[in-house]
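Asks: Quick one: structure below, then a few questions.
The values are calculated or read from the model by the stated rules, or taken from the named source; none is laboratory data. This structure is a prediction, so every number in the text was calculated from the model and none was measured. Cβ placement follows ideal geometry from the backbone for every residue including glycine, while neighbour counts extend to all protein chains displayed. All accessible areas refer to the heavy atoms of the entire protein, side chains included, with ligands and DNA or RNA removed. Shrake-Rupley method; radii C 1.70, N 1.55, O 1.52, S 1.80 Å.
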Amino acid sequence: MKTRNIILLIGLSLVFLMSGVFAQSVNNKNEQTNVIKPTRLCHGDKIGLVAPAWLITEIDLQLSIQRIKELGFEPVYSDRILGKQGYFSGTDQERADDFNCMINNSDIKAVVFVNGGYGCARILDLVDYDAIKKNPKIIIGFSDCTALINAIHKKTGLITFHGPISRTLHHDYSRQQFESATVSPTDRY
């Protein structure tokens, strides 16, 4: 077989293979999860505070409570929020349970992370994604919490927010971004 025919055969084979990859890519794009938009917050709503990663101090908790109240919301948290397991705010199961309790509590309209750090990736398989679909709410945070908010969006379709944690809500910019995303969002999301 001539070199030209071999090159032509290889080229046609590549085109054939790539067309199959392209078709599969188009099919995957058509199988998207339905997007779930959480309900906007109203002043006076209850916001659940959780620490799904690093441990927090009593001072961190009190500052977070104060900042949420200053924004016009009622902070809610469990006794587990001040837990300690090494440098985590409790065992993986305790941190996941605390998060899942906030999700399952219909009085809680949003879940705000107190801090980031490391640890959220360790609880991804312990999160109740079905409960999140049934009881969607605003979930917001950054740092290590990005792993959790991205997993939630991927598995449920719920729009989550990479935004301020409660410890940073004393900055005017953070407050403005928090309220822009949770109280008076535009139709862009």
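Asks: For a paramagnetic label modelled at 7 Å from the Cα of GLU74 toward its Cβ, which residues of segment 100-115 fall within the zone defined by backbone nitrogen distances under 18 Å?
Replies: Hits in segment 100-115 for GLU74 at 18 Å: 102-112.
Asks: What net charge do the residues around ILE123 carry, taking every other residue with its C-beta under 14 Å from that of ILE123, with Lys and Arg at +1 and Asp and Glu at -1?
Replies: -3
Asks: Related question: From the protein chains alone at 1.4 Å, what is the descending order of accessible area for ASP60, ASP128, ASP107, largest first?
Replies: So the residues, ranked largest to smallest area, are ASP107, ASP128, ASP60.
Asks: Per residue, how much accessible surface does segment 43-163 expose to a 1.4 Å probe? Answer in Å², no decimals.
Replies: Computed with neighbouring chains in place, this is 43 Å² per residue.
Asks: Only Lys, Arg, Asp and Glu count, each charged at its Cβ (+1, +1, -1, -1), so figure out the dipole size of segment 127-174 about its Cα centre, rounded to 20 debye.
Replies: Result for segment 127-174 is approximately 180 debye, rounded to the nearest 20.
Asks: Okay, next question. Please compute the length gained on full extension between TYR118 and CYS42, using 0.36 nm multiplied by the number of residues separating them and subtracting their Cα-Cα distance.
Replies: 24.3 nm
Asks: Using a 1.4 Å probe, how large is the accessible area of LEU71, given in Å² and rounded to the nearest 10?
Replies: 10
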